[in-house]
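Here is the structure we will look at, set down as structure tokens.
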Amino acid sequence: QVQLVESGGGLVQAGGSLRLSCAASGRTFNSYAMGWFRQAPGKERECVAAISWSGSTTYYADFVKARFTISRDNAKNTLYLQMNSLKSEDTAVYSCAARVGGISWNYTVYDYWGQGTQVTVSS
């Protein structure tokens with residue numbers, strides 16, 4: 001089992017940047033594929049980016065390509081999401097998630113979730 005805690009959210013102006021972190025407990029962090037998901041009010045949860053257990057494979061949703069970067073540091077049990085050129089439509093609660101298995105964009109196959117961190121982009 002793994003516990004996940006996100007941090008780094010906040011209020012930023014359009015065009016600005018934020019870096020989200022997801023700290024994982026346990027000694028088997030490098031056994032899990034990880035993902036960042038977001039959910040805006042009244043909208044369905046959607047995958048922002050995902051990364052394999054080794055970090056060698058990544059997935060990005062089309063709406064964040066070239067703006068966001070997912071990475072992980074298995075030595076520190078931490079997942080990151082660097083968000084640049086933020087837009088008002090990026091406003092949402094961002095959550096990290098872990099799954100035993102391969103990388104996936106499908107939130108229904110993830111086993112563990114953090115509590116989420118709010119990202120608000122003002123225009």
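Before moving on, here are some points about what is shown:
- For the chain, the fraction of 1.4 Å probe accessible surface lying on carbon and sulfur atoms is 47 percent.
- Simple spin-label estimate for residue 28 and residue 56 in nanometres, 7 Å along Cα-Cβ: 2.1 nm
- Taking amide H positions as modeled 1.01 Å from N, with prolines and chain starts lacking one, no residue 5 or more places away or on another chain lies under 5 Å from residue 28.
- Across the alpha-carbon set of the chain, the Rg to Rh ratio works out to 0.94, Rh being the Kirkwood radius.
- The aspartates and glutamates whose alpha-carbon is closer than 15 Å to the alpha-carbon of residue 76, local same-chain residues fewer than 8 away aside, are 6.
The values are calculated or read from the model by the stated rules, or taken from the named source; none is laboratory data. Here the structure is a predicted model, which is why all the values come from computation and not from measurement. All Cβ positions, glycine included, derive from the backbone under ideal geometry; neighbour counts span all protein chains shown. These accessible areas exclude ligands, DNA and RNA; they are computed on the full protein's heavy atoms, side chains included. Shrake-Rupley method; radii C 1.70, N 1.55, O 1.52, S 1.80 Å.
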